[in-house]
1. Just the residues that are of a type outside the set (A, V, I, L, M, F, W, C), modelled with pLDDT of 95 or more and part of a helix (DSSP H, G or I), please, taken from the stretch 20-42.
2. Every residue in the stretch 12-42 that is acidic (Asp, Glu) and in contact (Cβ under 8 Å) with a residue 12 or more places away in the chain, please.
3. Please verify whether residue 20 is open to solvent by 20 Å² or more (accessible area, probe 1.4 Å) and within 18 Å of residue 145 (Cβ to Cβ), treating the condition exactly as stated.
4. Which one is nearest to residue 107 (Cα to Cα) among residues in the stretch 23-59 that are open to solvent by 20 Å² or more (accessible area, probe 1.4 Å) and among the β-branched types (Val, Ile, Thr)?
5. Cβ-Cβ under 7 Å, sequence separation 6+ or interchain: first residue in the stretch 151-165 and open to solvent by 60 Å² or more (accessible area, probe 1.4 Å), partner assigned to a loop (DSSP other than H, G, I, E, B) and not acidic (Asp, Glu). Which pairs?
6. Out of all the residues in the stretch 64-84, which are open to solvent by less than 20 Å² (accessible area, probe 1.4 Å) and under 18 Å from the mean Cα position of the chain (by Cα)?
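The values are calculated or read from the model by the stated rules, or taken from the named source; none is laboratory data. In this text the structure is predicted, and so the values were computed from the model without any measurement. A quick note on method: Cβ atoms are made from the backbone with ideal geometry, for glycine too, and the neighbour counts reach across all protein chains shown. Accessible surface areas use protein heavy atoms only, side chains included; no ligands, DNA or RNA. Shrake-Rupley method; radii C 1.70, N 1.55, O 1.52, S 1.80 Å.
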Amino acid sequence: MRPSSRTLILDAAVRVTERQGITALTLDATAEEAGLTKGGLLYHFRTRDDLLLAIQRHLVQGLEEQLVAELGVPWEGATPVERGGAYVRVMMRGEVRHADLAFMVESESNPELARIWDELMERWVPVPQSLDPRGLDLFLARLAADGLWMFKATPGNPLSEEVARALRDRLDRLTTAEPRPSDTKEDS
């Protein structure tokens, strides 16, 4: 199926940001990258803010599709542990583009944009509301996977494949293992 003009525009905006940074993301630059006139772009997005909001939704939708594919069952039929494990595995092996980081950082200065990411995280690996060891393990694995994603998104020393594999294995155990007896509340 041929992508819609809207999707082509969103993908073009991500490419502009990947190459030149988020400050270079303008309606003109996006229209040029998408091979449209500015009027053609304005038909879909009246302002840069409209474009940014649509990009955030587009990125979240793409991540959600990866998460559901990794899960292998409908979201509603999965346990919190299964959803958390899928999130960690996708984040650990996912390709990181500098544009993804730029859009996530951009969302932090705009509550409407941040809400899109917050809702995704709440569905997949929510912030613990209790001291339940299972929920704490899942959240700890999420924080580690997010941190490793950030590590890959920023310049620095790359991880060797051996170390990356060992980290994936440890996080996988954290998201699948039963809590140790010493982690239960009764033993406190």
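1. Listed by number, the residues that qualify are 28, 30, 32, 33.
2. Filtering the stretch 12-42 down to residues acidic (Asp, Glu) leaves 18, 28, 32-33.
Listed by number, the residues that qualify are 18, 33.
3. No; evaluated as a whole, the condition is false for this residue.
4. 23
5. Taking only residues 6 or more apart or on different chains, the pairs are 152/96.
6. Quick first cut of the stretch 64-84, residues open to solvent by less than 20 Å² (accessible area, probe 1.4 Å) only: 67, 78, 84.
Passing the criteria: 67, 84.
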